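Working notes for the structure below.
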């Protein structure tokens, strides 16, 4: 058994198994990225409920980051809220926040609800950080503002752009499908007209038999030959759909022959197109009409494209009749004087579909040196059509590209967060603020003042005796000195409440 046959007969995974495998890989990637961010990314804040130095805490944070990613398809809003809340305490889980934001933008159809949920995903971490940091506004705006951009707004924008791309690809595929159906309808109409012509001839020959039955051999031969030709031509187009408003083409015994193509060339020259015609081999007068109609269609489409999109270019038509095929080529030089406006390509899609239905091949594309070429190889006799391989779209490369975009979209925010949180630093929140002479307000209890300036200093009291102003009556004062500043500070209390404070400069020397 050959390798190709073995591959074809190899069992394939069910669609759900492939989807499950991709989901497990994604969740494992989220867990690994979160672990690296927690351990090596320096993406941490002072108010986390538990330090990640403990391996058990690290494992718990990684598991908590995977849960919203697991729920993002069925409960996108809930998953984003959970990821945002977790991110407020553990910013190393930014990959989960980015993934759930992308999922919200993809799965919530209502624009208003989508914007509201994404706004929630951006504000929840900021609010948690602002409260837990005791309102360190500047640092919180910088750190969590960047986080909102790269973990919420960025993924949502990427998803919107990818959604527009998918819609465009779907529209192009639908246009291609419609062009194929339209070409099949045109062929079916041509076959309808041709079959009517053949049946008319059969009726005419049968009528001659009724008039003169003594000489029946020649009319019978003509009836048999005409019926066989009609059936062969009908088989070539059996199963084609007919359009509601088909283009009518009357049967013509000269369609696709040298005289017919010469007439098309002459019409193009009259319209101002420079055209050269070369014909190799015998004429196509004995070839089946569907093949000759395809030749006519290819040349006409090529000349139409030259006049529309390459005005001023020189075109060359080449028809070659060989024993095993009929080759038709339309080549233009692509003169820069053309309009340069790209066409829809639907005409070429129709030409390719017609050639395929006749069992031939058709290739069209730009030339390296400029210009455009259409090359079609048709069988000299009618054969069954080749299978339409383009209907089966291989999306493996598309899935690989999406996986790469998703991986970059998760790694990049984590890297940006590592740089951001490594560049800014929140002030400690566990230690009480340090109070100075200027910041201690009147009305502060004696015990609170003692925490910052200490008890009464007898040396400072003695030093201030000659330079201090009068004490407030009925007060008890404490003194403290700072040698480096040569200053004595006095705090006077009444019923253990600060009612006056003063500073005195010690004399030099």
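The values are calculated or read from the model by the stated rules, or taken from the named source; none is laboratory data. Computed from a predicted model, the values in this text were never measured in an experiment. FYI the Cβ positions are ideal-geometry reconstructions off the backbone, even for glycines, and counts take in every protein chain you see.
At a glance:
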| quantity | calculated |
| --- | --- |
| Qualifying position, being surrounded by fewer than 13 Cβ atoms within 10 Å (Cβ to Cβ) and not assigned by TED's automatic domain parsing to the domain that holds residue 97, among 467, 440 | 467 |
| Of all residues in region 344-360 being assigned to a loop (DSSP other than H, G, I, E, B) and farther than 16 Å from residue 172 by Cα, the one that is modelled with the highest pLDDT | 360 |
| Filter result for residue 283 (assigned to a loop (DSSP other than H, G, I, E, B), surrounded by fewer than 20 Cβ atoms within 10 Å (Cβ to Cβ) and modelled with pLDDT of 80 or more) | yes |
| Set 140, 78, 127, 100: member being modelled with pLDDT of 95 or more and under 26 Å from residue 422 (Cβ atoms) | 100 |
| Helices (runs of 4 or more DSSP H) completely within region 92-168 that count 1 or more residues being touching a residue at least 24 places away in the same chain (Cβ under 8 Å), in contact with a helix residue (DSSP H, G or I) (Cβ under 8 Å, 6 or more places away or on another chain) and not assigned by TED's automatic domain parsing to the domain that holds residue 421 | none |
| Test for residue 105: is it within 24 Å of residue 408 (Cα to Cα) and modelled with pLDDT of 95 or more | no |
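Listed here are the residues, each with its yes/no results for (1) under 20 Å from residue 133 (Cβ atoms); (2) surrounded by 24 or more Cβ atoms within 10 Å (Cβ to Cβ).
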| residue | (1), (2) |
| --- | --- |
| 32 | no, no |
| 38 | yes, no |
| 46 | yes, no |
| 67 | no, no |
| 84 | yes, yes |
